[in-house]
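The values are calculated or read from the model by the stated rules, or taken from the named source; none is laboratory data. Here the structure is a predicted model, which means the values were calculated and not measured. Here the Cβ positions follow ideal geometry from the backbone for every residue, glycine too, while neighbour counts run over all protein chains shown. Ligands, DNA and RNA are excluded from the accessible area calculation, which covers all protein heavy atoms including side chains. Shrake-Rupley method; radii C 1.70, N 1.55, O 1.52, S 1.80 Å.
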Amino acid sequence: MSTKQQALFIIFGGTGDLAKRKLYPALFALYQKGIINEHFAVIGTARRPWTDQHFQAVVQESLPDAKAAVAKKFDAHFYYQSHNVNDTEHYVTLKKLAQNLDEKYQIGGNRLFYLAMSPRFFGTIAQHLKSQAIVTADGYNRVIIEKPFGHDYTSAAELNQSISKYFSEDDVFRIDHYLGKEMVQNILAIRFGNNIFNSLWNNRYIDNLQITLSESLGVEERAGYYETAGALRDMVQNHILQIVSLLTMKMPTTYSETDIRREKICALKSLKVYQPQEVATNFVRAQYQAATGLKGYRQEDQIAPDSQTETFVAGKLLVASENFAGVPIYIRTGKRLRQKATRIDVVFKTVPGDIFAKQDLADNILTIEVEPEGKVSLQLNVKKIGQGYQLQEQQLDLSPENRNGEQIPEAYEKLLLDALMGDATNFTHWEEVAYSWKFVDAIRQAWDQSQQPLAEYPCGSMGPKQADELLTKDHRHWIYK
Ligand code: NAD
């Protein structure tokens, strides 16, 4: 399905962490598969005065497993330009370099502008790309944008406006790398490719949905950013709500960018936006406390000793759609939790009647484990082997090893290829961003006005007891413990 692509990549923030850890390895994977091969070049830009040679050495360092000879051939397509995004002169130089490379590699005018730097620069860059004619007339010109896309609805709308003045929505690819993860992409296949799930995927058969995105790390080097963001903005507004939309959207007419995004937008529009008093009963925020030799959040470098930033969020979401009205969606995410995991549990309602009198039946649970394993399992009740008629629960597992050990591509590799092919299905549409912020803003505002102190949880736990109580008061419990 993927044919050879020709493109000039211009990476703003080419010396940054994201570029080194994710983008160069992803480009290399595409190179090894022959998807980008001869007709491509990469310009890395940032403020530092690097030479092409130094840049190429940095790129090579980011590919520790690559064979030196192959990496060298690949790196030869990389060029560096020292660039201050606010300096118009630098765009003139950039344009010349881009034109030369376009000719040298016979690229045909296709350009991907990757904005791997602080969003406060996006508007300036977009404006200069247009005003200095770095966009071409004979190929495509697409902008890839990293999170965070604003810090609330108003700032996101302003940011969007500053870009949409110069690029149409069709050319703006907002990355949410969770949408590039194999198991997240599997949600639609499982739901719509199997009638046993498709026909049961509604409030008549589903009791509740649970989504957990747990991280074992603390704030690490991102403390400065995190202190201004918190878990709600950093994880819920984007990754968790994207997963919610995939789980609750109606079946699109076709598997296509337009139809899928339309239904995802509707799903996010259907989220119940809470009143301040409802936030207190449906959402929990907390901070990690020192434990097992690890510092508490307020003791971390660059964190205020009286910080009110939440490192954990749990919540109960409700959706006002025909199929999901009344089905609670429990979400949680946090730092310094017991394990890094991303997992979805779909809990089905119990069997009506009481045929196996007095025997407790286990819930049917469909689990989609995105990380660490990448597997799907279904909890069923079966007969216990032997005399009599006892039931026991049993897992039906679809693990990666059952799928011929196929190599799962990295999220960034898949998303870069999608962007090359102009397929925005797994990128976030502006309206998705807008509805997500409106939902999140209501929670944030209620918290900002609340006198209630943050809950606490020790490092290495699965969060505060209040997150468990959110479910126990509904006579439910977290499936993932
Ligand atoms: P970073 O601080 O490591 O890199 C920022 C880059 O921008 C550097 O190359 C720096 O030289 C350049 N830069 C800064 N000011 C500049 C200026 N005035 N002119 C020209 N260049 C300038 O940041 P990062 O971690 O690579 O993140 C980049 C973006 O991606 C951020 O918006 C971040 O929120 C987002 N992001 C990063 C990650 C990650 O894993 N690192 C994950 C998700 C999103």
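Can you give the angle from 0 to 90° between the axis of helix 411-421 and the longest principal axis of the chain, with both taken from C-alpha atoms, to the nearest 10?
60 degrees
Heavy atoms only, probe 1.4 Å: what % of the accessible area of the chain goes to carbon and sulfur, would you let me know? Don't skip to the end; give the middle numbers.
On the way: 10860 of 22110 Å².
The computed percentage sits at 49.
Only helical DSSP H runs with n ≥ 4 go in: add -39500 (n - 2.57) per run for the chain, normalise by residue count and round the 222 nm mean residue ellipticity to 500 deg cm²/dmol. Before the final figure, lay out each step's value.
Numbers: 15 runs with 157 residues, N = 481.
Helix contribution divided over all residues of the chain: -9500 deg cm²/dmol.
Would you list which aspartates and glutamates come within 16 Å of Lys250, measuring only between C-alpha atoms, while excluding same-chain residues fewer than 8 positions from it?
Counting by Cα, and skipping residues close in sequence, Lys250 has these aspartates and glutamates nearby: Asp259, Glu263, Glu322, Glu432.
Sorted by packing (mean other beta-carbon atoms within 10 Å per residue), highest first, where do 349-360, 293-304 land? List each step's numbers first, then the result.
Numbers: 349-360: 9.7, 293-304: 15.3.
My ranking of the peptides, most packed first, is 293-304, 349-360.
At q = 0.10, 0.14, 0.15, 0.22 Å⁻¹, what log₁₀ I(q)/I(0) does a Debye calculation on the Cα points of segment 228-331 give, no solvent, two decimals?
Listed by q, the Debye log ratios stand at -0.39, -0.67, -0.73, -1.15.
List, in order, the whole-Hz ³J(HN,Hα) value for each residue of segment 24-31 obtained from phi through the Karplus relation with A = 6.51, B = -1.76, C = 1.60 and θ = phi - 60°; use x for Gly and Pro.
Calculated HN-Hα couplings, in order: 5, x, 5, 5, 5, 4, 5, 5 Hz.
When Lys and Arg each count +1 and Asp and Glu each count -1, what net charge do the other residues less than 14 Å away from Leu391, Cβ to Cβ, add up to? Don't skip to the end; give the middle numbers.
Details: positive: Lys358, Lys383, Lys384; negative: Asp354, Asp360, Asp363, Glu393.
Once all neighbours under 14 Å are counted, the net charge is -1.
Using only Cα atoms, find the angle between the long axis of helix 430-449 and the longest principal axis of the chain, and express it within 0 to 90 degrees, rounded to the nearest 10.
That helix lies at roughly 60 degrees to the long axis.
Longer than 31 Å from Cα to Cα, which of Lys95/Lys335; Lys72/Lys375; Lys269/Lys349; Lys20/Lys335 are they? Say none if no pair is.
On the way: Lys95/Lys335 42 Å; Lys72/Lys375 36 Å; Lys269/Lys349 26 Å; Lys20/Lys335 23 Å.
Distance filter (> 31 Å) returns Lys95/Lys335; Lys72/Lys375.
Students often forget the sequence filter, so: which aspartates and glutamates lie under 13 Å Cα-Cα from Lys384 once same-chain residues fewer than 8 apart are removed?
Glu393
Under 13 Å from the Cα of Lys465, which aspartates and glutamates turn up, not counting those fewer than eight places away in the same chain?
Reachable aspartates and glutamates: Glu456.
On each of the three principal axes of the Cα atoms of segment 254-305, give max minus min coordinate, whole Å, ordered largest first.
Each principal axis gives a Cα extent; for segment 254-305 these are 52, 31, 21 Å.
Stretched out fully, how many nm does the piece from Ala68 to Leu396 gain, at 0.36 nm a residue minus the Cα gap?
Numbers: separation 328, 0.36 × 328 = 118.08 nm, distance 4.34 nm.
Gain on extension, Ala68 to Leu396, equals 113.7 nm.
With no solvent and one equal point scatterer placed on each C-alpha of segment 15-79, evaluate the Debye formula and give log10 I(q)/I(0) for q = 0.24 Å⁻¹, two decimals.
For the requested q values the scattering log ratios are -1.08.
May I ask you to evaluate 6.51 cos²θ - 1.76 cosθ + 1.60, the Karplus curve with θ = phi - 60°, for each residue of segment 72-84 and list the ³J(HN,Hα) values in order in whole Hz, giving x for glycine and proline?
Karplus values, whole Hz, x for Gly and Pro: 5, 4, 5, 4, 4, 8, 9, 10, 10, 10, 5, 8, 9.
Quick check: the angle from helix 122-131's long axis to the longest principal axis of the chain, C-alpha only, nearest 10 degrees?
40 degrees
What net charge is computed for the residues neighbouring Glu310, neighbours being all others with C-beta under 13 Å from the C-beta of Glu310, Lys and Arg scored +1, Asp and Glu -1?
Numbers: positive: Arg233, Arg285, Arg298, Arg332, Lys335, Arg336, Arg444; negative: Glu227, Asp234, Asp448, Glu456.
Within the 13 Å Cβ shell, the charges total +3.
Ser216: accessible area at probe 1.4 Å, nearest 10 Å²?
Approximately 50 Å² of Ser216 is accessible to the 1.4 Å probe.
What's the Cα-based Rg to Rh of segment 338-476, Rh via Kirkwood?
Numbers: Rg = 21.5 Å, Rh = 20.2 Å.
So for segment 338-476, dividing Rg by the Kirkwood Rh gives 1.06.
Viscosity 1.002 mPa s, temperature 20 °C: give me the Stokes-Einstein translational D for segment 191-280 in µm²/s, with Rh taken as the Kirkwood radius over C-alpha pairs. Mind dumping the intermediate values first?
Details: Rh = 15.7 Å.
This corresponds to a translational diffusion coefficient of 136 µm²/s.
Ignoring ligands, DNA and RNA, what accessible area per residue does the chain give at 1.4 Å, in Å²?
Working: 22110 Å² over 481 residues.
That works out to 46 Å² per residue.
Considering every Cα-Cα pair within segment 42-120, what fraction, in whole percent, is farther apart than 18 Å?
Of the Cα pairs, 48 percent sit more than 18 Å apart.
Tally Lys/Arg at +1 and Asp/Glu at -1 over every other residue whose Cβ is under 12 Å from the Cβ of Asn198; what's the total? Walk me through the numbers on the way to the answer.
On the way: positive: Arg191, Lys250; negative: none.
Computed value for this residue: +2.
Using +1 at the C-beta of Lys and Arg and -1 at the C-beta of Asp and Glu, which of Gly422, Val346, Gly334 has the Cα lying farthest in the positive direction of the dipole of the chain?
My answer, from the dipole projection, is Val346.
Can you bin every Cα-Cα distance in the chain into 20 Å intervals starting at zero and give me the percent of pairs per bin, rounded to whole numbers?
In order of increasing distance, the bins hold 22, 52, 23, 2, 0 percent.
Using only the alpha carbons of segment 338-392, what is the convex hull's orientation-averaged projected area in square nanometres?
Values: hull surface 21.4 nm².
If I average the Cα hull's projected area over directions, I get 5.3 nm².
Which one of Gln275, Gly44, Ala362 is farthest out on the positive end of the charge dipole of the chain, using unit charges on Cβ (Lys, Arg +1; Asp, Glu -1) and the Cα centre as origin?
Ala362
Can you give me the orientation-averaged projected area of the convex hull built on the Cα atoms of segment 267-381, in nm²? Working shown, then result.
Details: hull surface 46.8 nm².
The number I arrive at for segment 267-381 is 11.7 nm².
Normalised radius of gyration for segment 290-345, please: alpha carbon Rg relative to 2.2 N^0.38 Å, two decimal places. Walk me through the numbers before you get to the answer.
On the way: Rg = 16.3 Å, N = 56, 2.2 N^0.38 = 10.2 Å.
Computed over Cα atoms of segment 290-345, the ratio equals 1.60.
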